[in-house]
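See structure below.
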Amino acid sequence: MLGIFSMEPVRFPEGFLWGSATAGHQIEGDNVNSSCWHKELREHCPEPSGKACNFLKLWQRDLAMLSDLKHQVFRMSIEWSRIEPAEGLRNENALKYYLSVFEELKKRNIKLCLTLHHFSHPQWFEEKGEFSRRENLGYFLKHVEYLAPIVAPYVDFWNIFNEFNNFDDPKLYDRKANMLVAHAKAFAIIRNVSAAPVSSAHAMTPYQPQHPDDAFDITMARIKNWAVNDFFYHAIRTGEILFPYRKGEMIEGLKDSCDFWSINYYTRHFVSARDEKGEAQRYKSCQIRPIEQPFYLEEFYPQGFTDGLCALKDRPIYITENGFCCKDDRLRILYLGRNLQALSEAMERGCDIRGYFYWSLMDNYEWWSFVPRFGMVGVDFQTFERTLKPSAQFFREIIENNGFDRELMLKYLPEFKDWQIFPVQD
Ligand code: BGC
């Protein structure tokens, strides 16, 4: 495994693109016509999204902050429910707001990676059965037909969907298949009006057998890997939609409907064939001495990043999300260091990786709660004040140097001076 403090300097090629990622529902606030907002109300979410980070009002300041932090690209999503709050009814003001944001990014020379659907959609579309019904795809495609030519002049990278591949539940196979069909059709619509590269963000989630010698765990891990990861790559490479116990389908226009792999990576999952859901416990925490971690932490697993990327050498790759949830920002700095090392190793092994977008620019609404903190910038959810964390400064230095070395790591983590870093799993 890679070690941080005995590391060789890591350098990225000229033109490598650095930035951060966000999503509308998680930062904007008052997303009142969206399915997520309605679910929060209906299910009495103890911490509803409310104003989120109030990006809706504070976006000018946030974009200025992006410039200060030297980010070269910003991934954000456009909320379909703002543009079309009721079926067939378009809100011109919402469109104007997005166009102003895009305009400002252009002025600041920050590229735009635009996600058209990041989990949330209009409540009216949800009530029709959303993407679970193939006959509903037309609603989304009409929206794309309307929107794409208007926003095309601003978009540098398109993400049609975010992470519809995630979760291995067989009940989701039809929905995933439908979203592949929608992806292919939206790809064609966008290609007609834009030369910018198009993809859908893929949650690269390695599933590994709990017992690496157990044939059942191995078999089940393979199936889960197919149902979450490989079905997607296979569909884009061949045009075929294929899930276990489901009739295969060849879809016109699906083959090669990703110009690049848009990869979101966090950590791995373990599989046990002797569990009713096939799940084994993840490493719950990872104690990294000398940082004491008083609360739940996901595991660092940079090797999964390198290995997963090495299976994707057939087209350019952008890392559209990679991030860590922690209170102690030093862990974020470590995570960044280890993951960027893993990335550079994948590049040495022949992967054409062209950019890295950290998740997330700022602490935000983590779907059901404000507790998990992924941001490089802290947000006070009462006053909406933003505060740079050391990881934001660290990342700025990485961008400025197009790489980093042991000295830079130690500048931010001086307490590690005497450590050969290795995470200790408990
Ligand atoms: C999602 C984000 C989410 C992040 C952290 C990703 O899977 O795209 O919306 O906030 O993970 O959980």
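Read-outs: derived from the displayed coordinates by stated rules, not from any lab. Given the structure is predicted, the values throughout are model-derived calculations rather than measurements. Every residue, glycine among them, receives a Cβ derived from its backbone with ideal geometry; neighbour counts consider all protein chains shown.
If each residue's Cβ is checked for other Cβ atoms within 10 Å, how do L141, L361 rank with the fewest at the top?
On the way: L141 16, L361 30.
Exposure proxy ranking, most exposed first: L141, L361.
Looking at P197, F164, A152, which one has the Cα that reaches farthest to the positive end of the dipole of the chain (charges on Cβ: Lys, Arg +1; Asp, Glu -1)?
A152
Could you give the dipole magnitude of the chain about its Cα centre, charging the beta-carbon of Lys and Arg +1 and that of Asp and Glu -1, in debye to the nearest 20?
Numbers: 51 positive and 59 negative charges, 125 e Å.
Taking the Cα centre of the chain as origin, the dipole is about 600 debye.
Karplus couplings for region 173-179 from phi (6.51 cos²θ - 1.76 cosθ + 1.60, θ = phi - 60°), rounded to Hz, Gly and Pro as x?
4, 5, 5, 4, 4, 4, 6
About the Cα centre of region 74-114, what is the dipole size in debye to 20, counting +1 per Lys and Arg Cβ and -1 per Asp and Glu Cβ, all else neutral?
Numbers: 8 positive and 6 negative charges, 69 e Å.
In total the dipole reaches around 340 debye.
Report the charge-dipole magnitude of region 5-56 in Debye, nearest 20, computed about the Cα centre from +1 at each Lys and Arg Cβ and -1 at each Asp and Glu Cβ. Mind dumping the intermediate values first?
Working: 4 positive and 7 negative charges, 15 e Å.
So the magnitude is around 80 debye.
Any chance you could get the radius of gyration and Dmax over the Cα atoms of the chain, in Å?
21.0, 63
Suppose we flag GluC sites (Glu not before Pro) only when DSSP calls them loop and at most 11 other Cβ atoms lie within 10 Å. Which is the longest uninterrupted stretch of the chain? Don't skip to the end; give the middle numbers.
Values: sites that count: E14, E43, E252, E276, E292, E385.
My reading of the result: 44-251 is the longest stretch.
What list of ³J(HN,Hα) values in whole Hz, one per residue of region 50-60 in order, does the Karplus curve 6.51 cos²θ - 1.76 cosθ + 1.60 (θ = phi - 60°) give from phi, with Gly and Pro shown as x?
Residue by residue, region 50-60 yields x, 8, 6, 9, 6, 4, 3, 9, 9, 4, 4 Hz.
What residue among L180, Y365, L410 has its Cα farthest toward the positive end of the dipole of the chain, where the charges are +1 on Lys, Arg and -1 on Asp, Glu, each on the Cβ?
Value computed over the given set: L180.
What is the set of long-range amide H partners of Y358 at a cut-off below 5 Å, with H atoms built 1.01 Å from backbone N?
Residues meeting the amide H criterion: G19, S20, A21.
For region 92-223, what number results from the quotient of the Cα radius of gyration and 2.2 N^0.38 Å? Write out the running numbers ahead of the final one.
Details: Rg = 18.0 Å, N = 132, 2.2 N^0.38 = 14.1 Å.
Dividing the Cα Rg of region 92-223 by 2.2 N^0.38 Å gives 1.28.
Step through the residues of region 29-34 one at a time and calculate ³J(HN,Hα) from phi using the Karplus curve (6.51 cos²θ - 1.76 cosθ + 1.60, θ = phi - 60°), rounding each to whole Hz and writing x for Gly and Pro.
x, 6, 8, 5, 9, 8
More than 15 angstrom separation, counting every C-alpha pair in region 178-256; what % is that? Walk me through the numbers before you get to the answer.
Values: 1913 of 3081 pairs.
Of all Cα-Cα pairs in region 178-256, 62 percent lie more than 15 Å apart.
What is the set of long-range amide H partners of L112 at a cut-off below 5 Å, with H atoms built 1.01 Å from backbone N?
Amide H to amide H, under 5 Å and 5 or more residues apart or across chains, L112 pairs with F74, D156, F157.
List the residues, sorted by chain then number, that are 5 or more residues from A280 or on another chain and whose placed amide H is less than 5 Å from its amide H.
Excluding prolines and chain starts, which carry no amide H, the hits are F270, V271, S272.
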